[in-house]
Amino acid sequence: MFGVGEKTDEQLADETEKTSKHVLDLERTLWTLIVRYKSRAYFLELVEKDYRTGTNYAFEFLEELAIIEYKRLLIDDT
């Protein structure tokens with residue numbers, strides 16, 4: 001249909017692997033915070049911006065989330 005051949009999941013994964021670039025490793029705990037605070041898209045935008053501009057906004061954002069979570073845990077503990 002539309003003159004576009006269908007590709008298998010494996011073919012698509014291979015193509016993506018060829019064009020993708022490793023940008024950063026992230027601990028599962030940090031990703032859990034990002035998900036908890038519904039910030040996935042925003043965080044990924046920051047990572048892209050940091051990659052393009054050499055800035056550190058993504059890690060600064062992670063620090064902010066960690067502080068928020070720490071305060072939440074302190075309140076829950078009382």
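Values in this text are rule-based calculations from the coordinates and carry no lab data. The shown structure was predicted, so the numbers you read here are calculated from the model rather than taken from an experiment. Note: ideal-geometry Cβ built from the backbone for every residue, glycine included; neighbour counts use all protein chains shown.
Points to keep in mind about this one:
- For the chain, modelled as a GNM whose springs connect Cα atoms under 10 angstrom apart, the maximal fluctuation among Glu63, Glu45, Glu15 occurs at Glu15.
- Rounded to the nearest 20, the Cβ-based charge dipole of the chain about its Cα centre (Lys and Arg +1, Asp and Glu -1) stands at 240 debye.
- Among Leu65, Leu26, Leu12: highest mean-square fluctuation, GNM of the chain, C-alpha pairs under 10 Å: Leu12
- GNM result for the chain, Cα springs below 10 Å: residue of Ala13, Ala58, Ala66 fluctuating most strongly: Ala13
- Between 0 and 90°, nearest 10: helix 40-53 axis offset from the chain longest Cα axis: 80
- Computing Cα Rg over 2.2 N^0.38 Å directly from the structure and comparing it against [x] 1.56; [y] 1.33; [z] 1.74 singles out [x].
- Rounded tilt (10° steps) of 57-77 against the dominant C-alpha axis of the chain: 50
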